[in-house]
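Read through the structure below, which is laid out as structure tokens, and then see the notes.
Every number here is computed from the coordinates shown, using simple stated rules; none is lab data. This is a predicted model, so every value here is computed, not measured. Glycine gets a Cβ as well: all are built from the backbone with ideal geometry, and neighbour counts include every protein chain shown.
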């Protein structure tokens, strides 16, 4: 069986979840390291390079500028249902750089001046935009009441704007 990087990341999430259920808390990065070792690699970076498809580009990760960590977490984690994969600060009190993901969508959020431009647009393909709309409507947000534009180019689209002016367009494509 050929293990892909997606398989390895899923294994890390399952490992972390199973351990948490047994009262053992580990970070996502620690789970990735453990999976890398199980696959016979020295560390996650080595495993990631070995498992990557070297024939072409890998998925791009948009960097969105955020100015307030608390608001970013409330929006991306609490409202949209993303989970934090990892966080980085050069030292306490300095700006946050974090990666969030949900299913196959990965976003980097940065408080660093010069990273990203407020007002950026990210187009995100989804399998069922109406189901996502129902989910977000059930998890009410004080500033948002988005609807689905059924006539949008590309397919039915749900557009949400984060507290920093960045636009996420969730589009259900017809293919």
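Measure nothing fancy, just the Cα-based angle from helix 129-138's long axis to the longest principal axis of the chain, in degrees from 0 to 90, nearest 10.
The answer is roughly 80 degrees.
If we sort 15-27, 116-128, 162-174 on the protection proxy, mean other Cβ atoms within 10 Å, highest first, what's the order?
Per-residue mean Cβ counts within 10 Å order the peptides as 162-174, 116-128, 15-27.
May I ask you to derive the FRET efficiency for residue 84 and residue 137 from their Cβ-Cβ distance with R0 = 22 Å, giving the value to the nearest 0.05? Intermediate results must be reported in sequence, preceding the final value.
Values: r = 24 Å, r/R0 = 1.08.
In this case the efficiency is close to 0.40.
Give the calculated FRET efficiency between residue 115 and residue 30 to the nearest 0.05, with a Förster radius of 30 Å applied to their Cβ-Cβ distance.
Calculated transfer efficiency: 0.70.
How much mean residue ellipticity at 222 nm does the chain get from its helices, if each DSSP H run of length 4 or more adds -39500 (n - 2.57) and you divide by all residues, to the nearest 500 deg cm²/dmol?
Result for the chain: -8500 deg cm²/dmol, rounded to the nearest 500.
Treating the angle as unsigned and between 0 and 90°, give the value, to the nearest 10°, between the Cα long axis of helix 5-21 and the longest Cα principal axis of the chain.
Approximately 90 degrees, to the nearest 10.
Normalising by the residue count of the chain, find the relative contact order in percent from Cα pairs under 8 Å and 6+ residues apart.
17 percent
Would you mind classifying the chain by shape? Square roots of the alpha carbon gyration tensor eigenvalues, ordered a ≥ b ≥ c; an a/c under 1.5 is rounded, otherwise it is prolate if a/b is larger than b/c and oblate if not.
prolate
By how many degrees, 0 to 90 and rounded to 10, does the Cα axis of helix 28-38 deviate from the longest principal axis of the chain?
Rounded to the nearest ten degrees, it is 40.
If I stretch the segment between residue 161 and residue 39 completely, what's the gain in nm (0.36 nm per residue apart, minus their alpha carbon distance), one decimal?
Stretched out fully, the residue 161 to residue 39 stretch lengthens by 39.9 nm.
Starting from 0.36 nm per residue, how many nanometres of slack lie between residue 6 and residue 61 once their C-alpha separation is accounted for?
This chain segment gains 18.3 nm when fully extended.
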